[in-house]
Amino acid sequence: MPDCVPTSDGAAVLERVRRLPGGPELLDLAKEHGGGVELVGGAVRDIMLGSRPRELDVIVDSGVEQLAGSLAARLGGELTLHERFGTAVVRGAHASIDLATIRAESYLCPGELPVVRLGSPEEDLERRDFTVNAIAVALAGERPGQVRAVAGSLDDLAARRLRVLHDASFLDDPTRILRLVRYATRLGFEVEPHTAALAAAALAADALK
């Protein structure tokens, strides 16, 4: 299937991952890992749109350090761990893969870094910035290629529409306003009216300060 053809088929997403730099190694190690390993976020969004993702974003239910270490060794790449957030970054010669433990986030004060705790797969999707980034595809396990998504996300992706997941989104993390502009410009997406109103209200409240 040509990479330029959009798809929401999880099996087709896996086929395309295997053709990307670092993709074969990631898929093989996900199968060896044995736990829940999913592709998520912008990588899924771009592949489903028929575009080539800039990097691969992966969530893991446990053992992210071990999986990331094995991936770095397999790729001959550089490994960076961020223990506070349960994340790891693997940079190879031609591949960039971000890995994170499945988690939930809360904000004690607007604009501060989030408080991170272990969470459910559903909470991990719900913590994201926009619905089109709240889609995951299983890389291994009992149902490889299974698609998980928050309500309305696949419809928003098909409509090329940017929508936040909750009304406090821009106040919790004002940098999402900048991402909104970047995605709208780079991807050619429209901004859903309520989301646009929330962004305007956050700007009026000096959220970016």
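The values are calculated or read from the model by the stated rules, or taken from the named source; none is laboratory data. Here the structure is a predicted model, which means the values were calculated and not measured. Cβ sites come from the backbone with ideal geometry, for glycine too, and all protein chains shown count toward neighbours. Protein only, heavy atoms only, side chains kept; ligands, DNA and RNA dropped before computing areas. Shrake-Rupley method; radii C 1.70, N 1.55, O 1.52, S 1.80 Å.
Listed here are the residues, each with its yes/no results for (1) more than 30 Å from A168 (Cβ to Cβ); (2) hydrophobic (A, V, I, L, M, F, W, C).
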position: D57; (1), (2): no, no
position: D61; (1), (2): no, no
position: E65; (1), (2): yes, no
position: G69; (1), (2): yes, no
position: F85; (1), (2): no, yes
position: G92; (1), (2): yes, no
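Just checking, does the range 134-144 include any residue being over 21 Å from H33 (Cα atoms), modelled with pLDDT of 95 or more and assigned to a loop (DSSP other than H, G, I, E, B)? Checked against the condition, which is being over 21 Å from H33 (Cα atoms), modelled with pLDDT of 95 or more and assigned to a loop (DSSP other than H, G, I, E, B), the range 134-144 yields at least one hit. Within the range 172-203, the set of residues being assigned to a helix (DSSP H, G or I), aliphatic (A, V, I, L, M) and open to solvent by less than 80 Å² (accessible area, probe 1.4 Å) comprises I177, L180, A184, L187, A196, A197, L198, A199, A200, A201, A202. For the range 56-90, a residue qualifies if it is open to solvent by 50 Å² or more (accessible area, probe 1.4 Å) and closer than 12 Å to L26 by Cα, and the qualifying residues are S70, A73, R74.
Kindly evaluate D156 against the criterion of being surrounded by 13 or more Cβ atoms within 10 Å (Cβ to Cβ), in contact with a strand residue (DSSP E or B) (Cβ under 9 Å, 6 or more places away or on another chain), touching a residue at least 40 places away in the same chain (Cβ under 8 Å) and not small (G, A, S). For D156, the condition - surrounded by 13 or more Cβ atoms within 10 Å (Cβ to Cβ), in contact with a strand residue (DSSP E or B) (Cβ under 9 Å, 6 or more places away or on another chain), touching a residue at least 40 places away in the same chain (Cβ under 8 Å) and not small (G, A, S) - is not met. When the range 43-54 is filtered for residues that are touching an Asp or Glu at 6+ places or on another chain (Cβ under 9 Å) and either without any contact (Cβ under 8 Å) to a residue 60 or more places away in the chain or open to solvent by 20 Å² or more (accessible area, probe 1.4 Å) (or both), the ones remaining, listed by number, are A43, I47, G50, S51, R52, P53, R54.
Pairs meeting the criteria (first residue in the range 182-195 and farther than 22 Å from D167 by Cα, second residue outside any helix (DSSP H, G or I), beta carbons under 8 Å, at least 6 apart or on different chains) are L187/R160; G188/R160. The condition (being of a type outside the set (D, E) and at positive phi) is satisfied by just one residue among G22, G36, G10: G22.
Kindly indicate which of P121, P114 is more than 26 Å from P174 (Cβ to Cβ), surrounded by 15 or more Cβ atoms within 10 Å (Cβ to Cβ) and in contact with a strand residue (DSSP E or B) (Cβ under 7 Å, 6 or more places away or on another chain).
After ruling out the rest, the residue left standing is P121.
Against the numbered list (1) within 23 Å of R52 (Cβ to Cβ); (2) open to solvent by 60 Å² or more (accessible area, probe 1.4 Å), D206 comes up short only at (1). For D167, are the conditions met, namely being in contact with a His (Cβ under 9 Å, 6 or more places away or on another chain) and free of Cβ contacts under 8 Å to residues at least 40 places away in the same chain? Taking the combined requirement at face value, the residue satisfies it.
Please determine, by comparing only the residues of the range 61-80 that are small (G, A, S) and over 22 Å from I102 (Cβ atoms), which one is nearest to the chain's Cα centre (by Cα). Among those residues, the one meeting the criterion is G77.
Just one of (1) more than 20 Å from F189 (Cβ to Cβ); (2) open to solvent by 40 Å² or more (accessible area, probe 1.4 Å); (3) under 18 Å from the mean Cα position of the chain (by Cα) fails for A93. It is (3).
For the subset of the range 23-40 comprising residues that are of a type outside the set (A, V, I, L, M), under 18 Å from the mean Cα position of the chain (by Cα) and modelled with pLDDT of 95 or more, which member is most open to solvent (accessible area, probe 1.4 Å)? Even if it seems obvious, please write down each step before you answer.
Initial filter on the range 23-40 (of a type outside the set (A, V, I, L, M)): 23-25, 28, 31-36, 38.
Of the ones still in play, those that are also under 18 Å from the mean Cα position of the chain (by Cα) are 23, 36, 38.
Now narrow it down to the ones that are modelled with pLDDT of 95 or more: 23, 38.
Values: G23: 0, E38: 23 Å².
Result: E38.
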